[in-house]
Amino acid sequence: DGLEKENPGIYDDSSKTFADLYMKSGLYITEIVKRLHNSPVIKAEFPSDADRIKHILENQVYGFAPSEIIYNIAINFIFGNLDQSISRKNFIMEDTTPYAKKGIMQDLVDLTFDWVNVNEWNKRTYS
C-alpha cells in the first residue's frame, strides 16, 4: 500500500492516527483498523484482542460522514457486532465539503477532535 511505502512501519505505531474526511462506506477505516490490529508490534503492546480493537477505534481512527444514512452505514460496517462499550465518538456526521471549499478543513478537525476553544475557532473562521 502507498501509505506503508511512504511511511514504513506506520501500522506498527499505536500512537499514529488516521482519518477518513469523507466516509462513504467505512471500508477505508476498516482496512486501517485491520492493519493496525494485525501488527505484531501493536499485538505485543495490547495482547488482548478486545483491548487492542478498543484502543484502535477509540484512539487511532477518525471519520466524518456527510449524511445520516452514510454515517449509519459506515458505523455499522466499522463496528459490526463489536461491544457497545467501544466509543463511537471519533466518527461524526458532518459534510466536510463546505469546510474543504473554504479552506478550513483543519479548523473543523481541530474543533471536532482536539476541542479547541470554540470562540477562537469562530474568530478565525468568520473574521
Inset, instruction - Being more than 20 Å from Tyr28 (Cα to Cα) and either assigned to a helix (DSSP H, G or I) or in contact with a Cys (Cβ under 6 Å, 6 or more places away or on another chain) (or both) is the filter here, so list the residues in the range 88-105 that pass it. - result: Pro98, Tyr99, Lys101, Lys102
Inset, instruction - Kindly indicate the residue of the range 28-45 that is touching a Phe, Trp or Tyr at 6+ places or on another chain (Cβ under 7 Å) and open to solvent by 10 Å² or more (accessible area, probe 1.4 Å) and also farthest from Ile86 (Cα to Cα) among those meeting that condition. - result: Arg35
Legend entry - Sole residue being of a type outside the set (A, V, I, L, M, F, W, C) and in contact with a Phe, Trp or Tyr (Cβ under 8 Å, 6 or more places away or on another chain), chosen from Ser15, Ser25, Ser48: Ser25
Inset, instruction - Out of the residues in the range 56-87 that are open to solvent by 70 Å² or more (accessible area, probe 1.4 Å) and of a type in the set (Asp, Glu), state the one that is nearest to Tyr28 (Cα to Cα). - result: Glu68
Legend entry - Residues of the range 98-116 that turn out to be loosely packed, with under 13 Cβ neighbours inside 10 Å and at pLDDT 90 or above, as a count: 4
Inset, instruction - Test Leu36 against the stated conditions and say whether it is aliphatic (A, V, I, L, M) and at pLDDT below 95. - result: no
Inset, instruction - Keeping to the range 1-19, report how many residues are in a helix (DSSP H, G or I) and either open to solvent by less than 90 Å² (accessible area, probe 1.4 Å) or among the β-branched types (Val, Ile, Thr) (or both). - result: 6
Legend entry - Among the candidates Tyr62, Tyr22, residue that is touching a residue at least 40 places away in the same chain (Cβ under 8 Å) and assigned to a loop (DSSP other than H, G, I, E, B): Tyr22
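The values are calculated or read from the model by the stated rules, or taken from the named source; none is laboratory data. Predicted model only: the values in this text are computed from it and were never measured. Neighbour counts run over all protein chains shown; Cβ positions are idealised from the backbone, glycine included. Remember, those area values only see protein heavy atoms, side chains included, never the ligands or the DNA or RNA. Shrake-Rupley method; radii C 1.70, N 1.55, O 1.52, S 1.80 Å.
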